[in-house]
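Notes follow once the structure below has been shown.
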Amino acid sequence: MARREESPRLRIGIIHPDLGIGGAERLIVDAAVELASHGHAVHVFTAHHDKNRCFEETIAGPFQVTVYGSFLPRHIFHRFHAVCAYIRCIFVAFCVLFLWPCFDVIIADQVSAVIPLLKLKRSTKIVFYCHFPDLLLAQRSNLLRRLYRKPIDMIEETTTGMSDLILVNSSFTASTFANTFRRLHSRGVLPEILYPSVDVEQFDGPHSYELNFLSINRFERKKNIELAISAFAMLRSFEQSGPSGYGFSQLTLTIAGGFDMRLPENVEYLEELKRLAETEGVSSQVRFITSCPTMERNALLSQCICVIYTPKDEHFGIVPLEAMAAQKPVIACDSGGPTETVKHGVTGFLCSPTPREFSEAMLKLASDPAMAARMGEAAHRHVSQAFSTKVFGERLNRYICDVYDRKLR
């Protein structure tokens with residue numbers, strides 16, 4: 001791939017826990033592709049890479065992928081996920097440290113525990129990408145869980161502060177970082193903001209605004225997908241007739257997203273959502289699609305009337321960007337990352353996370369597809385200007401070159 005601007009050709013390593021198909025993985029893949037496009041030699045290391053459930057670029061992209069430690073468990077009797085993730089990533093870091101030549105820069109993603117090991121090679125600069133403090137995502141429902149998390153939380157803050165540069169995915173995460181890692185904040189350790197991006201060009205092509213609402217999310221309870229089902233069912237009470245109206249029977253809801261049979265929560269939550277659709281009386285109008293490939297996801301985006309994004313206090317959220325790049329308005333919660341990406345009333349609607357507010361926003365678009373088209377066009381312009389992969393790549397390249405320059409001074 002051609003270099004976009006003059007910059008030193010660096011050897012860049014990236015360590016990521018699991019190259020699946022989530023938002024964190026999308027960011028890492030985009031980072032690898034963009035850094036390679038700037039002329040850098042990029043090598044991604046991971047503990048798991050299922051070629052049947054991954055982004056296409058990890059198989060045939062402009063960077064190498066090497067797997068270490070896939071034999072290590074992800075959990076122990078469905079417990080100790082954090083400890084297992086640390087062990088797997090530390091094993092990857094050991095392999096990188098002893099089996100590969102020095103990298104100029106290594107990007108550590110999600111798991112900061114690898115940073116002290118990587119710092120043993122003093123010639124290498126370490127960049128840590130923090131999607132969100134892990135200690136805020138962990139459950140502490142009882143004393144044993146709190147005792148279990150205490151040392152992990154301490155390790156997270158200490159090791160995060162050892163990196164040469166910290167990047168976060170939104171202003172919301174930057175604020176949460178400061179409030180969570182108070183010792184680092186008091187020392188003047190401040191993260192830089194690097195928004196994730198979306199490849200706008202992949203959504204070029206014909207677009208239609210069929211009366212289908214689309215939800216794209218991993219099948220995890222924190223994604224609050226039941227909100228989409230309940231809001232959709234509530235549209236029945238708003239049913240209209242006449243030239244500008246619609247019949248509820250015309251409407252459909254498609255729920256698509258990452259699904260991993262290895263994860264009990266994915267399996268259980270999918271069944272819970274199906275039962276909810278039956279209870280709400282809309283099961284015949286709700287379709288579930290698990291782990292659809294990129295081409296199928298893009299086809300779904302090209303045909304829906306809008307995208308329903310239901311997580312509350314989401315750190316960033318790549319789905320709203322993908323939706324807007326596909327010229328579709330977004331209905332999202334008025335908290336977290338979507339407040340930085342969705343322009344209320346222009347590229348979509350920001351709502352309180354209640355079925356009624358979501359349903360009222362859905363009603364506006366179902367009743368007026370022309371409005372959806374206008375918002376979709378505005379959304380496409382907005383994403384192209386602020387969140388394209390080109391903009392992301394240029395910003396990331398500057399951060400990487402700047403941190404490398406510190407090594408030379």
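Values computed for the structure shown
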{"read-out": "Flag for T310 being polar (S, T, N, Q), within 19 Å of E360 (Cβ to Cβ) and not assigned by TED's automatic domain parsing to the domain that holds L19", "value": "yes"}
{"read-out": "Condition check for D260: among the acidic types (D, E) and either on the phi < 0 side of the Ramachandran plot or in a helix (DSSP H, G or I) (or both)", "value": "yes"}
{"read-out": "Hits in segment 164-188 - residues which are surrounded by 17 or more Cβ atoms within 10 Å (Cβ to Cβ) and either under 25 Å from A326 (Cα atoms) or of a type outside the set (S, T, N, Q) (or both)", "value": "D164, L165, I166, L167, V168, N169, S170, F172, A174, F177, F181, L184"}
{"read-out": "Every residue from segment 275-295 that is touching a residue at least 40 places away in the same chain (Cβ under 8 Å) and either more than 18 Å from the chain's Cα centre (by Cα) or part of a helix (DSSP H, G or I) (or both)", "value": "L276, A277, E280, G281, V282, Q285, V286, T294"}
{"read-out": "Test: residue in segment 53-72 that is surrounded by fewer than 19 Cβ atoms within 10 Å (Cβ to Cβ), among the basic types (K, R), under 30 Å from E265 (Cα atoms) and free of Cβ contacts under 8 Å to residues at least 40 places away in the same chain", "value": "no"}
{"read-out": "Number of the exception - P353 against (1) under 23 Å from the mean Cα position of the chain (by Cα); (2) touching a residue at least 40 places away in the same chain (Cβ under 8 Å); (3) not assigned by TED's automatic domain parsing to the domain that holds I308", "value": "(3)"}
{"read-out": "Qualifying residue in segment 33-52 (condition: modelled with pLDDT under 95, of a type in the set (A, V, I, L, M), in the same structural domain as T158 (by TED's automatic domain parsing) and in a loop (DSSP other than H, G, I, E, B))", "value": "yes"}
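The values are calculated or read from the model by the stated rules, or taken from the named source; none is laboratory data. Note that the structure is a prediction, hence the values are computed from the model and not measured. Every residue, glycine among them, receives a Cβ derived from its backbone with ideal geometry; neighbour counts consider all protein chains shown.
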